[in-house]
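What follows is calculated from the coordinates using simple rules that are stated; it is not laboratory data. All figures in this text were calculated on a predicted structure; none of them were measured in a lab. Virtual Cβ from ideal backbone geometry, glycine too; neighbours counted across all protein chains shown.
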Amino acid sequence: MKLSFLMWLSSLLPQPVADPLCLATTVYLESRDQSELGQRAVAEVALRRRQDGRWGDSVCEVVTAPKQFAPTIVGPGVRIKSLDAWQKAVNVAFASQKDWKQPAGKRNEVVPGASHFAARNLVNPTWSSYPEVAKIGDHTFYKVDRLKR
């Protein structure tokens, strides 16, 4: 399966039906080699951004905002190579969305307040000076309150 096919398919599905597909694709691309906890943290950042509203009104809009998540950074020819990793990403996406529907105090948050993450061995973003929430696997999660636009 190619990334371009998944993104095309998500564009055909009505909202909110498309959101789990967009979230699973992001979890797979960003963290397929990470623990389930690391994958949940990635999903949580996307869901928190959707709730915030600055990056879009749906998960699909959030993860396809320019240069924010892997679906817009990697090439459209990228393939889903591991069906086991894909299934794990799908499971994490659905479980994360279900958990996120709970009231804020009842959610099982992995990275409370985190709105950004980075694989610091690959990139050094300008917002990496903001408070770190957690390090999980290869990713460091940050609480970024304000961004210059």
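Overview of values
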| quantity | calculated |
| --- | --- |
| The listed residue being at negative phi, touching a strand residue (DSSP E or B) at 6+ places or on another chain (Cβ under 6 Å) and among the β-branched types (Val, Ile, Thr), out of Val92, Val123, Val111, Val62 | Val111 |
| Matching entry among Gly75, Gly113 (being in contact with a Lys or Arg (Cβ under 7 Å, 6 or more places away or on another chain), closer than 24 Å to Asp138 by Cα and of a type in the set (Gly, Ala, Ser)) | Gly113 |
| Qualifying positions in the stretch 10-35 - exposed (fewer than 14 other Cβ atoms within 10 Å of the Cβ) and in a helix (DSSP H, G or I) | Ser11, Leu12 |
| The stretch 72-100, residues that are in contact with a helix residue (DSSP H, G or I) (Cβ under 7 Å, 6 or more places away or on another chain), in a helix (DSSP H, G or I) and over 10 Å from Tyr28 (Cα atoms) | Phe94, Ser96, Gln97, Trp100 |
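Each row is one residue, and each column tells you yes or no for (1) among the hydrophobic types (A, V, I, L, M, F, W, C); (2) in contact (Cβ under 8 Å) with a residue 40 or more places away in the chain; (3) surrounded by fewer than 18 Cβ atoms within 10 Å (Cβ to Cβ).
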| position | (1), (2), (3) |
| --- | --- |
| Val63 | yes, yes, no |
| Arg79 | no, yes, yes |
| Asn121 | no, no, yes |
| Pro131 | no, no, yes |
